[in-house]
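Presented below is the structure to which this report refers.
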Amino acid sequence: MAALKLPHSPRLIHGRQSLVPFPASTMLFPKPPSSPLSNYSFATSSGFLTRTLALFSPGIVVCKNNSLRGVRGNQSRIRSASVQRVAEELVEDQSKYSLVSGDSIRQRFLDFYASRGHKILPSASLVPDDPTVLLTIAGMLPFKPIFLGKIPRQVPRATTAQRCIRTNDVENVGRTARHHTFFEMLGNFSFGDYFKKEAIQWSWELSTKEFQLAPERLWISVYEDDDEAFEIWHKEVGVPVDHIKRMGADDNFWMSGATGPCGPCSEIYYDFHPERGTADVDLGDDTRFIEFYNLVFMEYNKKDDGTLEPLKQKNIDTGLGLERMARILQKVPNNYETDLIYPIIEKASALANISYPLADEQTKLKLKVVGDHLRAIVYLISDGVLPSNIGRGYVVRRLIRRVVRAGRSLGIKGERRDNLEGAVLPIIAEKVIELSTHIDPDVKIKAPRILEELKKEELNFVQTLERGETLLEKMLVDASSNAEKSGTVPCLSGKDAFLLYDTFGFPVELTTEIAEEQGVTVDMNGFDIEMEKQRRLSRVAHNVVKLAVEDGTNLMNNINKTEFVGYDTLSTQAVVESLMVNGSPVIQVSEGNDIEVLLNKTPFYAESGGQIGDHGFLYVTGGEKQQTAVVEIKDVQKSLGDLFIHKGTIKEGVLEVGREVEAAVDAKLRQRAKVHHTATHLLQAALKKLISQEISQAGSLVAFDRLRFDFNYGHALTDAQLEDIEQLINGWIEASTSLKTKVMPLNDAKEAGAIAMFGEKYGEQVRVVEVPGVSMELCGGTHVSNTSEIRVFKIISEQGIASGVRRIEAVAGEAFIEYINVRESQMKNLCSMLKVKAEEVTTRVEKLLEELRMSRTEVANLRTKAAEYKALMISNKAFEVGTSQKIR
């Protein structure tokens with residue numbers, strides 16, 4: 001069949017003019033060269049059929065059973081044969097549509113650069129290993145240490161589809177065609193390999209050949225002084241001069257901060273309205289252009305005095321917005337109506353009994369908020385960020401609350417089915433999870449926990465919302481009434497806004513939104529004063545990734561990475577490569593000074609994976625092997641990639657750079673750490689086996705005196721469950737199972753079922769620690785050789801530390817003996833004080849508590865009688881006053 005064609009006259013798409021003036025012969029969805037799909041489920045499930053029918057017949061919508069019905073009084077009736085014919089015609093064009101699906105665009109981008117020597121790397125977590133930002137806000141963020149020269153590059157060039165979160169402009173979500181909280185940034189990166197010429201040529205080839213964008217619709221921006229980029233675009237690529245715009249530093253010079261790596265950038269824009277010509281073009285006009293590809297040429301380092309110096313290693317950092325490219329290729333009015341987000345909007349529309357194509361702009365705005373925010377929420381929870389009142393957790397909580405309110409204002413109400421207890425977010429989130437296959441496969445694995453967190457948070461907030469909305473409505477009426485009387489602008493006082501927040505838990509952001517809808521402002525200065533220190537609850541990620549070329553870069557250039565030999569030995573001969581006092585390099589340090597030592601190799605384990613660093617000594621020997629210096633090491637940290645920083649104090653003698661030392665780890669403390677680390681693996685395995693397979697690590701500490709394990713779970717464990725966990729772990733210990741440790745490719749380890757440790761970053765080769773039949777984890781820590789070395793395991797506490805996060809503390813091995821000895825000493829003291837045997841302590845304490853209760857009751861009764869007696873004495877002294885009327 002012939003593909004569907006646009007009518008001769010411009011038509012409205014979702015209530016707007018068509019994006020481009022197609023001629024009468026232009027096909028809306030050109031017929032694909034490949035064969036069509038055999039069914040039309042895609043057309044109805046994705047919104048393809050719904051939106052296309054709305055284009056030609058705005059009085060018709062598709063029902064849940066894929067039949068058609070009229071809306072808003074339209075009495076149209078279409079025979080089922082006609083429905084089938086229309087659907088078949090649409091499906092014949094669907095294979096072409098699928099070629100420009102979001103999943104297809106992502107894969108085509110990665111394959112394009114893979115064929116040009118780039119290594120495809122997986123997306124990093126939304127929780128970055130970077131203290132300067134709360135969340136992963138840019139595609140380049142995972143490569144920041146490489147750009148800084150802090151760690152060596154693993155590959156010369158790479159390409160990724162990075163999941164990102166930005167909430168700094170959350171208020172713009174749904175109001176513009178392109179703002180999102182969650183988005184995917186497709187990027188190609190060069191680490192000192194290729195530079196401008198290749199980056200520019202490939203970006204053009206990708207755009208015009210791979211994605212077949214019309215060259216005449218593409219515009220280029222370059223930095224005003226970047227003649228090199230201008231010449232490449234014009235002379236080598238062939239872009240006309242009138243399609244290249246020179247722009248200032250504010251637009252086209254990328255800087256990481258006040259100092260650090262920087263450089264000019266160049267952007268590619270798509271023109272939706274080329275008929276407007278080339279005169280007086282403003283690339284910032286969102287009604288005409290959208291920037292979809294940004295190329296950053298990182299070639300300078302900005303110094304403290306503001307001058308620029310060339311970088312030794314020039315890098316390429318690019319970003320192509322997946323949602324933006326999908327909008328262009330799928331020919332929809334905004335990013336929300338692409339197949340990446342629109343199915344979520346459709347789900348919400350169905351629950352609200354709303355037709356999105358026929359909805360007014362305010363309704364569409366709310367549906368867009370639901371579609372956008374739920375993507376961010378689902379992926380954040382999947383990456384271990386749970387709702388709370390601080391940091392990342394508050395980002396999730398705020399987004400959930402915005403979705404709940406948007407849904408309620410749309411009329412979406414939950415049904416008490418599937419144990420949802422009236423929650424609606426889990427129902428819509430199922431669509432997000434369904435669409436996650438090619439974005440992050442782990443989301444489907446973690447789906448039960450994600451849905452449970454959403455349900456719990458939504459139901460809790462609905463109670464808050466209902467209480468706060470009633471009070472806020474009264475406050476807004478009073479504010480409007482007072483303003484009308486005084487002739488001023490209606491304003492809700494900061495004290496009232498704080499009362500809603502502090503007493504009812506009503507978010508100030510929500511107060512502001514509701515107030516603005518009714519034309520009332522909020523006195524935020526007054527609110528901030530009332531809040532004082534508590535006002536900094538919502539700390540969102542910065543919009544700039546801060547980079548700085550630090551002294552450590554030079555240090556790394558001069559010193560090779562530390563060779564770790566601690567898996568095989570606890571002592572070795574090593575050479576002092578560098579010494580530092582208070583962070584500054586020195587040549588020699590004398591007795592009594594605190595010091596940081598870098599060795600060429602070491603048996604000391606550096607803190608990572610939750611395990612603390614080793615303790616021990618560095619010995620310097622002179623003639624006849626006499627000790628001339630002793631350094632006590634109390635901590636070991638990793639820095640600048642694989643440099644081990646040994647922190648300690650010089651107890652005797654003088655230590656110099658270049659001297660040979662004997663590095664010796666405290667064997668007893670290392671054994672304690674090994675025992676607790678392996679016990680931690682057994683604990684996680686026991687929790688998964690006995691409590692829930694959905695349990696995942698949220699943090700850990702492996703110390704010499706105890707272990708601590710934080711995990712995602714919404715309920716307190718019972719005493720019986722804790723006893724079962726202890727019994728299972730001690731059974732594994734008694735089984736005397738030998739551990740297996742091996743190094744393998746990361747993908748092979750994951751396919752084998754190895755569990756990744758929370759917050760750790762892995763290379764292509766990983767170390768796998770396995771307790772056969774019990775657990776298998778990616779882990780670089782130290783472990784016992786056989787479970788029997790653990791000896792015994794005991795849980796000493798279990799508690800909640802945040803919403804949905806529990807913590808177990810436990811002891812094992814020698815630490816267990818110490819724990820028991822301390823408890824036994826305390827029991828002996830109690831027995832001595834109470835004059836009873838150990839087995840009689842509980843009975844004696846209960847008797848004392850009962851005696852205390854009775855004594856307190858007796859005292860209370862006596863105080864009551866005394867008060868009554870005083871009142872009687874006072875009344876007896878009363879006398880009458882007044883003449884006409886006596887008053888006693």
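The values are calculated or read from the model by the stated rules, or taken from the named source; none is laboratory data. The model shown is predicted, which means the values in this text are computed figures rather than measured ones. Heads up, the Cβs are rebuilt from the backbone with ideal geometry, glycines too, and the neighbour counts pull from every protein chain shown. With ligands, DNA and RNA removed, areas are computed over all heavy atoms of the protein, side chains included. Shrake-Rupley method; radii C 1.70, N 1.55, O 1.52, S 1.80 Å.
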Looking at Ser123, Ser190, which is the one that is open to solvent by less than 40 Å² (accessible area, probe 1.4 Å), among the small types (Gly, Ala, Ser), part of a loop (DSSP other than H, G, I, E, B) and over 23 Å from Leu643 (Cβ atoms)? Ser123
With respect to the numbered conditions (1) within 19 Å of the chain's Cα centre (by Cα); (2) surrounded by 22 or more Cβ atoms within 10 Å (Cβ to Cβ), which one is the sole condition not fulfilled by Lys366? (1)
Tally time: how many residues in the range 204-219 are farther than 17 Å from Ser101 by Cβ and in a loop (DSSP other than H, G, I, E, B)? 1
Name the single residue that is modelled with the lowest pLDDT among those in the range 220-274 being open to solvent by 30 Å² or more (accessible area, probe 1.4 Å), within 25 Å of Lys144 (Cβ to Cβ) and assigned to a strand (DSSP E or B). Met255
Out of Pro131, Pro122, I need the residue that is without any contact (Cβ under 8 Å) to a residue 12 or more places away in the chain and of a type outside the set (Phe, Trp, Tyr). Which one? Pro131
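Per-residue answers, yes or no, for (1) in a loop (DSSP other than H, G, I, E, B); (2) under 29 Å from Leu435 (Cβ atoms):
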residue	(1), (2)
Thr278	yes, no
Phe297	no, no
Asn301	no, no
Gly306	yes, no
Lys314	no, no
Arg324	no, yes
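Confirm whether Phe604 is in contact with a strand residue (DSSP E or B) (Cβ under 6 Å, 6 or more places away or on another chain) and crowded, with 19+ Cβ neighbours inside 10 Å. Reasoning before the result, please.
Working: in contact with a strand residue (DSSP E or B) (Cβ under 6 Å, 6 or more places away or on another chain): yes; crowded, with 19+ Cβ neighbours inside 10 Å: yes.
Against the criterion (in contact with a strand residue (DSSP E or B) (Cβ under 6 Å, 6 or more places away or on another chain) and crowded, with 19+ Cβ neighbours inside 10 Å), Phe604 qualifies.
Residues of the range 303-337 being closer than 28 Å to Ile165 by Cβ and more than 30 Å from the chain's Cα centre (by Cα), which ones? Can you show your working first?
Our first condition is that a residue be closer than 28 Å to Ile165 by Cβ; within the range 303-337, this holds for 315-337.
The one that is closer than 28 Å to Ile165 by Cβ and more than 30 Å from the chain's Cα centre (by Cα): Lys331.
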Quick check: anything in the range 703-713 at pLDDT below 95, under 27 Å from the mean Cα position of the chain (by Cα), surrounded by fewer than 17 Cβ atoms within 10 Å (Cβ to Cβ) and within 16 Å of Ile808 (Cα to Cα)? no
With the requirement that a residue be open to solvent by 40 Å² or more (accessible area, probe 1.4 Å) and either out of contact with any helix residue (DSSP H, G or I) (no Cβ under 6 Å at 6 or more places or on another chain) or more than 30 Å from Gly422 (Cα to Cα) (or both), what does the range 460-479 give you? Asn460, Gln463, Glu466, Glu469, Thr470, Leu471, Glu473, Lys474, Val477, Asp478
Condition check for Asp710: within 28 Å of Lys668 (Cβ to Cβ), part of a strand (DSSP E or B) and acidic (Asp, Glu): yes
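The rows are residues; the columns are (1) touching a strand residue (DSSP E or B) at 6+ places or on another chain (Cβ under 8 Å); (2) farther than 23 Å from Gly284 by Cα; (3) not acidic (Asp, Glu).
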{"residue": "Phe230", "(1), (2), (3)": "yes, no, yes"}
{"residue": "His234", "(1), (2), (3)": "yes, no, yes"}
{"residue": "Val237", "(1), (2), (3)": "no, yes, yes"}
{"residue": "Lys245", "(1), (2), (3)": "yes, no, yes"}
{"residue": "Asn252", "(1), (2), (3)": "yes, no, yes"}
{"residue": "Met255", "(1), (2), (3)": "yes, no, yes"}
{"residue": "Thr259", "(1), (2), (3)": "yes, yes, yes"}
{"residue": "Cys262", "(1), (2), (3)": "yes, no, yes"}
{"residue": "Ser266", "(1), (2), (3)": "yes, no, yes"}
Might you check whether a residue that is of a type in the set (Asp, Glu) and more than 14 Å from Val520 (Cβ to Cβ) occurs anywhere in the range 487-497? no
Could you give every pair whose Cβ atoms fall below 7 Å, whose first residue belongs to the range 779-798 and is within 29 Å of Ala720 (Cβ to Cβ) and without any contact (Cβ under 8 Å) to a residue 40 or more places away in the chain, and whose second residue is assigned to a strand (DSSP E or B) and not small (Gly, Ala, Ser), counting only separations of at least 6 or pairs across chains? Ser797/Glu809
(1) in a strand (DSSP E or B); (2) at pLDDT 95 or above; (3) not polar (S, T, N, Q) all hold for Gly800 apart from (2)
For the range 478-524, the count of residues that are at pLDDT below 90, in contact with a Gly (Cβ under 8 Å, 6 or more places away or on another chain) and charged (D, E, K, R) equals 1
Could you list, in sequence order, all residues of the range 381-407 that are of a type in the set (A, V, I, L, M) and under 14 Å from Glu452 (Cα atoms)? Ile381, Val385, Leu386, Ile400
Give all pairs with beta carbons closer than 6 Å in which a residue from the range 275-289 that is free of Cβ contacts under 8 Å to residues at least 40 places away in the same chain meets a residue that is surrounded by fewer than 17 Cβ atoms within 10 Å (Cβ to Cβ) and not basic (Lys, Arg); count only pairs at least 6 apart in sequence or on separate chains. Thr278/Asp242; Arg288/His273
Inside the range 810-844, can you point out the residues that are open to solvent by less than 60 Å² (accessible area, probe 1.4 Å) and either touching a residue at least 24 places away in the same chain (Cβ under 8 Å) or of a type outside the set (Gly, Ala, Ser) (or both)? Ala810, Val811, Ala812, Gly813, Ala815, Phe816, Tyr819, Cys831, Leu834, Val836, Val841
Result of the Cβ filter at 6 Å on the range 166-195, keeping first residues that are more than 27 Å from Gly117 (Cβ to Cβ) and in contact (Cβ under 8 Å) with a residue 12 or more places away in the chain and partners that are of a type in the set (A, V, I, L, M, F, W, C) and open to solvent by 30 Å² or more (accessible area, probe 1.4 Å), at least 6 apart or interchain, is Thr167/Val540; Asn168/Val540
Here the qualifying pairs (Cβ atoms under 7 Å; residues six or more apart or on different chains; first in the range 864-885 and of a type in the set (Gly, Ala, Ser); second modelled with pLDDT of 85 or more and part of a helix (DSSP H, G or I)) come out as none
Glu851 fails exactly one of (1) open to solvent by 80 Å² or more (accessible area, probe 1.4 Å); (2) modelled with pLDDT under 90; (3) not hydrophobic (A, V, I, L, M, F, W, C), namely (2)
Just a yes or no: is a residue in the range 721-737 in a strand (DSSP E or B) and closer than 29 Å to Ser125 by Cβ? no
Please list, ordered by first then second residue, the pairs with beta carbon atoms under 6 Å, 6 or more apart or interchain, first in the range 508-523 and at positive phi, second modelled with pLDDT of 85 or more and open to solvent by 20 Å² or more (accessible area, probe 1.4 Å). none
Number of the condition not met by Glu346 [criteria: (1) in contact (Cβ under 8 Å) with a residue 60 or more places away in the chain; (2) open to solvent by less than 30 Å² (accessible area, probe 1.4 Å); (3) of a type outside the set (Lys, Arg)]: (2)
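Residue by residue, here is whether (1) farther than 30 Å from Phe109 by Cα; (2) not hydrophobic (A, V, I, L, M, F, W, C) holds:
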| residue | (1), (2) |
| --- | --- |
| Ile427 | yes, no |
| Lys444 | no, yes |
| Pro448 | yes, yes |
| Asn460 | yes, yes |
| Glu469 | yes, yes |
| Lys474 | yes, yes |
| Asp478 | yes, yes |
| Ala497 | yes, no |
| Thr511 | yes, yes |
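Among strands (runs of 3 or more DSSP E) lying entirely in the range 627-683, which contain 2 or more residues that are at pLDDT 95 or above?
Working: elements: 627-639, 643-652, 654-656, 660-665.
Passing ranges, in order: 627-639, 643-652, 660-665.
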